[in-house]
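Below: the structure, in structure tokens.
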Ligand SMILES: Cc1ncc(COP(=O)(O)O)c(C=O)c1O
């Protein structure tokens, strides 16, 4: 069959659904929003009637996360990372190890904490390589931030074997993987602190929003204080704000009651959304049949990964580019994560530019810490990677189309 890229008929012309929780926003979310408006309780700490949504959402996330977990809701995933780092006391003079393959928010949170991001390689999991982390640890390393990319797990068993003896904290960036598990434990609950996002593209959404999860009571209190001006407020009535025993300078990263109400409905849907993605992904791969020449991204626990992406590694960057372009022409969006570029290629990161520029330990005039080629394994993997997304909203016909396109393109491009 002639590829659409070569003038043939595309497998599909209608766009595929691409969202996750956002695809199933419906009457329950609407009812939840109206409930908040009708009560007139928009603010999470006080108002005409006691607020209840964000506090209930935190309790529900804690229960969802597992025995002994505490949750603090915040205004975004980036806010969750910043809050997690603040809770740990990470700041000036500290280094935080970040994978070379991630969204720029992971790096931004470290820089905004006043610390120095240090990049380590990812491996065939597309997540942080424990061996690479070991090679970049210094006496200044305060934390390591594995990023569970696209609902797949970083190999935390290997990573904790490196960070544990070194006494280095682990902040799991779980923005893209809420609900996915590693050997039965929810991602984001295995290291010291987990950070989650409720942004539009994530497993569940409230438009914007984030959550910090930890089993450590002290970290939970510090997180709660940091996202509410550092625990300084004395203005509460109704349901009160917690006062930190030792207030510090914090930020306003509070989640609104409307977002909290939507997030509660979405959280109740989360396991179902993950099941739907896992089922659709398995069906696609079965129907597509063997894809010779394609190595699948490795999952440390294939059962627990969330199923939102089919990550494929091709032999060369040229082949990967042809494979992705041919899939796109068939009507199945495909491409390398982050355009095939490591996060340090982002101009602001590569040039170490902050808003103020002066005085940040990251910005030492004339000293550039980063250069292309510094994580060659990651650069190679990203250049050879093609990802096809999977939505929980896929119908059997959508599954069929993606599988047909994969088989057709593999046959033509990889034969
Ligand atoms: C890996 C990763 N970390 C952090 C974030 C930041 O989340 P948010 O957009 O909610 O600030 C995102 C997503 O946007 C992400 O993909």
| Quick one: which of 143-151, 313-321 comes out on top by average Cβ neighbours within 10 Å, and what's the full order, highest first? | 143-151, 313-321
| query | If you count, for each residue, the other Cβ atoms within 10 Å and average over each peptide, how do 95-108, 157-170, 295-308 line up from highest to lowest? | reply | 95-108, 295-308, 157-170
| Principal axis dimensions, the stretch 108-200 - Cα atoms, whole angstrom, descending | 35, 29, 22
| Spin-label model distance (nm) - residue 271 vs residue 43, 7 Å beyond Cα toward Cβ | 3.7
| field | Cα gyration tensor, the stretch 27-268 - rounded (a/c under 1.5), prolate or oblate | value | prolate
| said: Mean-square fluctuation check for the chain, GNM, Cα pairs under 10 Å: which of 277, 374, 357 is largest? | reply: 357
| message | Of all beta bridges DSSP finds with both residues in the chain, what is the antiparallel percent, to the nearest 5? | response | 60
| note | With Cα coordinates, the longest principal axis of the chain makes an angle with the long axis of helix 77-88, in degrees rounded to 10, of 50
| In degrees, nearest ten, helix 156-166 long axis to first principal axis of the chain (Cα) | 40
| task | If a/c stays under 1.5 just call it rounded; otherwise compare a/b with b/c (prolate if a/b is bigger, oblate if not). Do that for the chain, with a ≥ b ≥ c from the square roots of the Cα gyration tensor eigenvalues. | result | oblate
| task | Give the percent of DSSP beta bridges with both residues in the stretch 27-268 that are antiparallel, rounded to the nearest 5. | result | 50
| request: Could you tell me how many degrees, from 0 to 90 and to the nearest 10, lie between the Cα long axis of helix 27-39 and the main elongation axis, the longest principal axis, of the Cα atoms of the chain? | output: 20
| message | From the helices alone, meaning DSSP H stretches of at least four residues, give me the mean residue ellipticity at 222 nm for the chain, per-run term -39500 (n - 2.57), in deg cm²/dmol to the nearest 500. | response | -11000 deg cm²/dmol
| request: Take the alpha carbon gyration tensor of the stretch 372-415, find the square roots of its eigenvalues, order them as a ≥ b ≥ c, and report rounded if a/c is under 1.5; if not, report prolate when a/b exceeds b/c, else oblate. | output: oblate
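Laboratory data are not the source of any read-out in this text; all were calculated from the coordinates shown. The shown structure was predicted, so the numbers you read here are calculated from the model rather than taken from an experiment. As a convention, Cβ positions derive from the backbone with ideal geometry for all residues, glycine included, and neighbour counts pool all protein chains shown.
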